[in-house]
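K.L.:
Following this message is one structure expressed as structure tokens.
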Amino acid sequence: MDINSKIKIIYKYLAIILMFGLSNFLTTAHAENYTIEKIINGIDANVIFMRHALAPGIGDPNNFKIGDCSTQRNLNETGIAQAVLIGKQLKENSIQFNKIYSSQWCRCYQTATLLDLGKVHEFAGLNSIFQNFVSRRETLQKLEQKLSEIPLNKLVIFVTHQVNIQAITKKNVASGEMVAFNTSTKKSHKINLSIQR
């Protein structure tokens, strides 16, 4: 193994260690005295939208195929650590979901699985509408239908893509960010565990 390969491996593990080390400095909401639970209860949210963890790049290759991760943009080591850390933060704050849904894109399903919050259900209504690999109209129709079926006394998490979250909540989100959403009032509130103080 040459020196460059050794350096790359060292940097990779340093990034993961740094990500987990930062967990000691994370709180549970944007502002002081705002817990994740307060954000959820503040708007009576019954859905949490989450953008998949860090997967560097934009979009997917032209040969993209659902079910074939080798044709897709995937989580890197930092994204893997980010997803694990977010799941840990949610568990530490006793946030429990009645159901966990994910886009069929590998980076979303991997994120949802790494959260380690329960069984993950693939849902086509969460698939990326960014590059027209799927129909925007049909995908959002499926999502709107699913949203209309979620009782207000339940809490569901949807792991999906930035464009899909923006289409429903009108909020832009970075990798790993979440938006609490009330399906009745359409009120929403961003949650970002990765930059909280």
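K.L.:
Of the residues in the range 91-104, how many are within 15 Å of Gly176 (Cβ to Cβ) and without any contact (Cβ under 8 Å) to a residue 60 or more places away in the chain?
P.N.:
Selection size over the range 91-104: 1.
K.L.:
Test Glu138 against the stated conditions and say whether it is surrounded by 14 or more Cβ atoms within 10 Å (Cβ to Cβ) and out of contact with any helix residue (DSSP H, G or I) (no Cβ under 6 Å at 6 or more places or on another chain). Let's see the steps before the verdict.
P.N.:
Values: surrounded by 14 or more Cβ atoms within 10 Å (Cβ to Cβ): no; out of contact with any helix residue (DSSP H, G or I) (no Cβ under 6 Å at 6 or more places or on another chain): yes.
Against the criterion (surrounded by 14 or more Cβ atoms within 10 Å (Cβ to Cβ) and out of contact with any helix residue (DSSP H, G or I) (no Cβ under 6 Å at 6 or more places or on another chain)), Glu138 does not qualify.
K.L.:
Restricting the search to the range 8-66, which residues are modelled with pLDDT of 95 or more, in contact with a helix residue (DSSP H, G or I) (Cβ under 8 Å, 6 or more places away or on another chain) and not in a loop (DSSP other than H, G, I, E, B)?
P.N.:
Val47, Ile48, Phe49, Met50, Arg51
K.L.:
Okay, next question. Within the bounds of the range 149-158, is there any residue that is closer than 24 Å to Asn74 by Cβ and either among the acidic types (Asp, Glu) or surrounded by 14 or more Cβ atoms within 10 Å (Cβ to Cβ) (or both)?
P.N.:
From the range 149-158, those closer than 24 Å to Asn74 by Cβ are 157-158; that's our starting set.
So of that shortlist, the ones also either among the acidic types (Asp, Glu) or surrounded by 14 or more Cβ atoms within 10 Å (Cβ to Cβ) (or both) come out as 157-158.
Looking for residues that are closer than 24 Å to Asn74 by Cβ and either among the acidic types (Asp, Glu) or surrounded by 14 or more Cβ atoms within 10 Å (Cβ to Cβ) (or both), one finds at least one in the range 149-158, hence yes.
K.L.:
Determine which member of the set Val163, Val173 is farther than 21 Å from Gln89 by Cα, at pLDDT 95 or above and either part of a loop (DSSP other than H, G, I, E, B) or not polar (S, T, N, Q) (or both).
P.N.:
Values: Val173 fails: farther than 21 Å from Gln89 by Cα.
Exactly one of Val163, Val173 is farther than 21 Å from Gln89 by Cα, at pLDDT 95 or above and either part of a loop (DSSP other than H, G, I, E, B) or not polar (S, T, N, Q) (or both), namely Val163.
K.L.:
Could I ask something else about it? Go through (1) charged (D, E, K, R); (2) surrounded by 15 or more Cβ atoms within 10 Å (Cβ to Cβ); (3) in contact (Cβ under 8 Å) with a residue 40 or more places away in the chain; (4) out of contact with any strand residue (DSSP E or B) (no Cβ under 7 Å at 6 or more places or on another chain) for Glu77 and report which single condition fails.
P.N.:
(2)
The values are calculated or read from the model by the stated rules, or taken from the named source; none is laboratory data. Bear in mind the structure is a predicted one, so any value in this text is a computation, not a measurement. Glycine also receives a Cβ, built like all others from the backbone with ideal geometry; neighbour counts cover every protein chain displayed.
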